[in-house]
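Student: Have a look at the structure that comes next, please.
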Amino acid sequence: MAQHSRKGAKFQAVTASLLVEGLVVYLTANGDWSESLQDAAVAEGKEEGDALLARADAAVASNLVVEPYLFEVEPVEGGINASSVREQIRKAGPTVRLDLGKQAELG
Amino acid sequence: MYRYDEFDHELVHERVAQFRDQVGRRLKGELTEDEFKPLRLMNGLYLQLHAYMLRVAIPYGTLSSRQLHKLAEIGRVYDKGYGHFTTRQNLQFNWPKLKDVPDLLADLATVEMHAIQTSGNCIRNVTSDQYAGVAQDEIEDPRIISEVIRQWSTFHPEFSYLPRKFKIAVCATPDDRAAIRVHDIGIQVVRNASGEVGYEIYVGGGLGRTPMIGKKLNDFVPKADILAYLESVMRVYNMHGRRDNMYKARIKILVHEIGAEEMRRQVDAEFAEVKKAGHLELPMAELERIQAYFAAPEYETLPEVSPEFEAAKKADKDFANWVRANTAPHRVPGYAIVNISLKPNGGTPGDCSSDQMDVVADAAEKYSLGEIRVTHEQNLTLANVKQSDLHALYQMLEANGLGTSNIGLITDQIACPGLDYCALANARSIPIAQQISERFQDLERQHHIGELKINTSGCINACGHHHVGHIGILGVDKKGVEYYQVTLGGAADQQTAVGDIVGPAFTEGEIVDAIETIVETYIDLRKDGERFIDTYRRVGVDPFKETLYATH
């Protein structure tokens, strides 16, 4: 699996794609999956990160999501943000079509 | 154009049924993702950044009006009202849902279309010249042999699990519009001294992380032997291609490592064996059957110059500009080849809305014998338009955002989907192309600059053909931030060249200024009649380095 986090990343969250729709989702603290990054559970440090990723296994096994992975996030005022441009685009939608993706659907 | 026979129909319908079953089993959990992924890829279905992406095959870039209308409808029903034409002359839908894909493929099959061989380590959809059949200096319609190759390669059991993907392009004019020298196999249709038509074969070209220009392996393969020869090349590759390292698995690496001479020796030895077996001689009756589908239409006898066309050019300056950039000479007097730009000012190269697809399909029906071609430069071509119809066609296109007059000019750029859509990308491509388009939008300035091809890729896989752009832009990721590396002097035509890296990469904020500096440097240096690429070939990279890095 491709690496989408940084070695030594302090805060991480888990993302995946919904099997049926292919849409981007995030693992929440209670083990559900949300389309909003703001609902994502944030793990601090490597150990917590690995444990969070392991919690995605059940959803993979039940064919709810595919290809879960950790990515780096950072706390910002009122929530969290993805650190890399790639994950910022995944959480919002194409930067060239602001009428599409989560940026349009989630407001 | 070519119509399916009963075998094609059966094959495509069987594949739809098979994939419907596979999707059903995946959704029920009977197949794991690891088991399912290769199956969906064999049907052109990728999982991208925001959603699934389906790549639809458009064999040698030729579509009927009926097919384009169907693609428009699919865009509305299963996607978000648009599609993206690619550098492989295919169409990608960016938002289909897995559960809908079997129905989508069934709808495609109603117009003899599919997504087979658009992914995976097989012989991919064959690409060719968008001016096929109508170019003035063409030896023979390249789609005839392209169709032969399509039939031979489709589900060919020996070549379904190659070391890596395999791309074949065909061109039949001295001007190469199909970029044949950057394909795994490039085929140039030629005529020998005795007047027979045959094929010059280039092998081992490609872009990606190790760009290579194809080596000429054979000056003349007779028609009857073409499949035997191609099969021989494939066998040598299948035997010796590197399966241990995907970055070294393409045939270009094999040809580079053993050399063209050794490759030729091995192919010739294999060819002798294949010939001895005698099974692969191209049946001339079948060739003639296929050829009949590409026979020239009944053209009207028209005057060389159409008075109403000349009058319209005088009366409508925008139309005259469009004619200047977007039309090309047709081999039949009174007709023209029309290029429809999918590069509007500030737009996404290659994107086309469903409504626009319908407009183009209607325009083709009305003015160009119901046929459309997709170009590898991400535009569309109507190949058979009467000069006297050009003004009406222009007005129809212009009214629907399809009248941009920039073919071959600096704003007619190639760009891959990049990080806005693609899971492999490291940086965005489309916004860079858009910013360049906006910076150079003045048409007078574009004509002053002249022919200039800017190609942008969002990663080293080079779907945006950056290596062969006169100016190439490669997006790279440096610790999560996008940077853009510039190459100069690339070309994909009969003088194919891989561009030279000019120096350290630029930030997103700097890249458009850097492109403008390159363009201004060229204008200062150029001699009469020189295009950008001519000047670059004369002066080399140094003057550009100096102006670029002196100002940064």
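The values are calculated or read from the model by the stated rules, or taken from the named source; none is laboratory data. On a predicted model such as this, the values are computed, not experimentally measured, just so you know. Cβ atoms come from the backbone with ideal geometry, glycine included; neighbour counts cover every protein chain shown. Heads up: the accessible areas ignore ligands, DNA and RNA and are worked out on the full protein's heavy atoms, side chains in. Shrake-Rupley method; radii C 1.70, N 1.55, O 1.52, S 1.80 Å.
Student: Per residue, how much accessible area does the range B:414-550 have with a 1.4 Å probe, in Å²?
Tutor: 37 Å²
Student: Still on this model: Using a/c under 1.5 as the rounded threshold, could you call the range B:133-293 rounded, prolate or oblate? The axes a ≥ b ≥ c are square roots of the C-alpha gyration tensor eigenvalues, and prolate needs a/b larger than b/c, oblate otherwise.
Tutor: Since a/c reaches 1.5 and a/b is larger than b/c, the shape of the range B:133-293 is classed as prolate.
Student: Oh, and also: Have a look at A:GLU44, A:GLU72, A:GLU21 and tell me which one the Gaussian network model of chain A (Cα, springs below 10 Å) gives the largest fluctuation.
Tutor: A:GLU21
Student: Ignoring ligands, DNA and RNA, please state the percent of accessible area on the range B:201-348 from carbon and sulfur, probe 1.4 Å.
Tutor: Ligands and nucleic acids excluded, carbon and sulfur give 53 percent.
Student: Report the net charge of residues surrounding B:PHE220, where surrounding means a beta-carbon distance below 13 angstrom and charges are Lys +1, Arg +1, Asp -1, Glu -1.
Tutor: The answer is -1.
Student: Please work out how much length the chain gains when fully extended from B:ALA423 to B:ASP137, using 0.36 nm per residue of separation minus the C-alpha to C-alpha distance, in nm with one decimal.
Tutor: Additional length available on full extension: 98.8 nm.
Student: Then there is this: Using a cut-off of 15 Å between beta-carbons, work out the net charge of the residues near B:SER405 (Lys and Arg +1, Asp and Glu -1, B:SER405 not included).
Tutor: Local charge sum for B:SER405: -2.
Student: Restricting to the range B:403-499, compute how many DSSP beta bridges are antiparallel as a %, nearest 5.
Tutor: Taking every DSSP beta bridge with both residues in the range B:403-499, the antiparallel ones total about 60 percent.
Student: Give the aspartates and glutamates whose C-alpha is closer than 12 Å to that of B:LYS248, dropping any in the same chain fewer than 8 places away, or say none.
Tutor: B:GLU257
Student: Can you pull the Rg over Rh of the protein assembly as shown, Cα-only, Kirkwood? Present the calculation step by step, with values, prior to reporting the outcome.
Tutor: Values: Rg = 25.1 Å, Rh = 26.1 Å.
Looking at the protein assembly as shown, the ratio lands at 0.96.
Student: Do you know which residues of the range B:463-487 lose at least 10 square angstrom of accessible area in the protein assembly compared with their chain on its own, with a 1.4 angstrom probe?
Tutor: B:GLY480, B:GLU482
Student: With solvent modelled as a 1.4 Å probe, how much accessible area in total do chains A and B shield from it at their shared surface, in Å² to the nearest 100?
Tutor: Looking at A and B, the buried total is near 2200 Å².
Student: Using the Kirkwood formula on the Cα atoms of the range B:6-109, what hydrodynamic radius do you get, in angstrom to one decimal?
Tutor: For the range B:6-109, inverting the mean 1/r across all distinct Cα pairs yields 14.3 Å.
Student: Among the listed pairs A:LYS102/B:LYS97; B:LYS343/B:LYS366; B:LYS70/B:LYS343; B:LYS37/B:LYS80; B:LYS478/B:LYS545, give every one whose C-alpha distance is greater than 18 Å.
Tutor: Pairs exceeding 18 Å: B:LYS343/B:LYS366; B:LYS70/B:LYS343; B:LYS37/B:LYS80; B:LYS478/B:LYS545.
Student: Accessible area per residue, 1.4 Å probe, Å², for the range B:307-398: what's the number?
Tutor: Details: 3160 Å² over 92 residues.
Value returned for the range B:307-398: 34 Å² of accessible area per residue.
Student: Separate question: Charges only on Cβ, +1 for Lys and Arg, -1 for Asp and Glu: so what's the dipole of the range B:307-398 about the Cα centre, in debye to the nearest 20?
Tutor: Charge dipole of the range B:307-398: 420 debye, to the nearest 20.
Student: What's the longest bit of chain B with no exposed trypsin sites (Lys or Arg not before Pro), using DSSP loop states and at most 13 other Cβ atoms within 10 Å as the test?
Tutor: The reported range is B:210-478.
Student: Which of the residues in the range A:70-101 show a loss of at least 50 Å² in accessible area from their chain by itself to the complete set of protein chains, at a probe of 1.4 Å?
Tutor: Buried-area filter returns A:VAL85, A:ARG86, A:ILE89, A:PRO94, A:VAL96, A:ARG97, A:LEU100.
Student: Extension gain B:ASN192-B:ASP442, at 0.36 nm per residue separation less the Cα-Cα distance, in nm? Numbers along the way, then the final one.
Tutor: Working: separation 250, 0.36 × 250 = 90.00 nm, distance 4.61 nm.
Net length gain for the segment: 85.4 nm.
Student: If the only charges are +1 at each Lys and Arg Cβ and -1 at each Asp and Glu Cβ, what is the size of the charge dipole of the protein assembly as shown around the Cα centre, to the nearest 20 debye?
Tutor: Charge dipole, the protein assembly as shown, about its Cα centre: 1200 debye, nearest 20.
Student: Looking at the square roots a ≥ b ≥ c of the eigenvalues of the Cα gyration tensor of chain A, which shape do they give, rounded for a/c under 1.5, prolate if a/b is larger than b/c, or oblate?
Tutor: oblate
Student: Stick to Cα atoms and the Kirkwood definition of Rh, then tell me Rg/Rh for chain B.
Tutor: 0.95
Student: Further question: Cut-off 10 angstrom, C-alpha nodes, Gaussian network model of chain A. Which of A:ARG86, A:ARG55, A:ARG97 fluctuates the most?
Tutor: Checking each option, the largest mean-square fluctuation is seen for A:ARG97.
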